[in-house]
Amino acid sequence: MKTRRWTLGFLAILAIAAAPLLALDANAGDPEPAPAAAAPSVTVADGGTEAGLGADYSVAVPKGPPAYDAVPFPDHKSPRPKDTEWNHADAVAINGLPYGCAALRINEWIRLRCESTLASIGLVGGDRTDVSMRLDPMTEEDAVMGFHRAGEMVFPVRRGDRRLFEWVQVEFGYKGMMSTGVLLVLSEHWLPDEEKPTLIAH
């Protein structure tokens, strides 16, 4: 009886010892797990990368025009640009401009053009010297509705300036009711002791 118990105990010990060996043998033919793939990256226009997107691809990130003061303004006066010169002028960015408005610059001169349902453009305060403002001619349809589809103004930015412009547009409401509202207010000033001018649209 003791011999039988001893034999059974010995066989149990052998079974426990053999279990890890059997497990190793069963996994012997499995391929090694592939290393984790590196997170894909996206190449952006300025050469930087962003990780974590689903596939590798290049993204062209659009860049807007430079700030209006990226090139220093001259302290001397230059002649007013001719209309044809604006066709080759550099676009510049002015903070706060609403959709449909764009600015160009030649030397110290700025041309601002907006497309909207315009009613008027006015100089609220400041020196009117060398400033011009105009609304595009109305079509017959526009005349019935009472608005212009676009307008522009040209003004110099010179040391000592203090100006405030206001653009008013026609707004349409309930059942075709019309009223007017401010499209934008543009402030331009360059105090004598400041290094550069400040242009802000509201």
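Would you calculate the volume per residue, in Å³, of the smallest convex hull containing every Cα atom of the range 109-199?
Hull volume over Cα atoms, normalised by residue count, gives 88 Å³.
Treating only the Cα positions of the range 68-132 as identical point scatterers, give the base-10 log of I(q)/I(0) from the Debye formula at each q in 0.18, 0.27 Å⁻¹.
-0.83, -1.43
Just to check I understand the Karplus step: with θ = phi - 60° and J = 6.51 cos²θ - 1.76 cosθ + 1.60, what whole-Hz values come out for the range 114-128, glycine and proline as x?
My calculation for the range 114-128 gives 10, 10, 6, 8, 7, 10, 6, 10, x, 9, 6, x, x, 6, 8 Hz in order.
Could you work out what % of the accessible surface of the range 152-192 is carbon and sulfur, using a 1.4 angstrom probe and leaving DNA, RNA and ligands out of the count?
It is 58 percent, rounded to a whole number.
Each residue of the range 178-193 in turn: what ³J(HN,Hα) in whole Hz from Karplus with 6.51, -1.76, 1.60 and θ = phi - 60°, glycine and Pro shown as x?
Using θ = phi - 60°, the values come out as 10, 8, 10, x, 6, 7, 7, 10, 10, 9, 9, 8, 9, 5, x, 9 Hz.
Would you mind calculating the gained length between residue 140 and residue 91 on full extension (0.36 nm times residue separation, minus the Cα-Cα distance), in nm to one decimal? Spell out each step's value before the answer.
Details: separation 49, 0.36 × 49 = 17.64 nm, distance 3.18 nm.
Here the answer is 14.5 nm.
The values are calculated or read from the model by the stated rules, or taken from the named source; none is laboratory data. What you are looking at is a predicted structure, and each value in this text was computed from that prediction instead of being measured. These area figures cover heavy atoms from the full protein model, side chains too; ligands, DNA and RNA do not enter into them. Shrake-Rupley method; radii C 1.70, N 1.55, O 1.52, S 1.80 Å.
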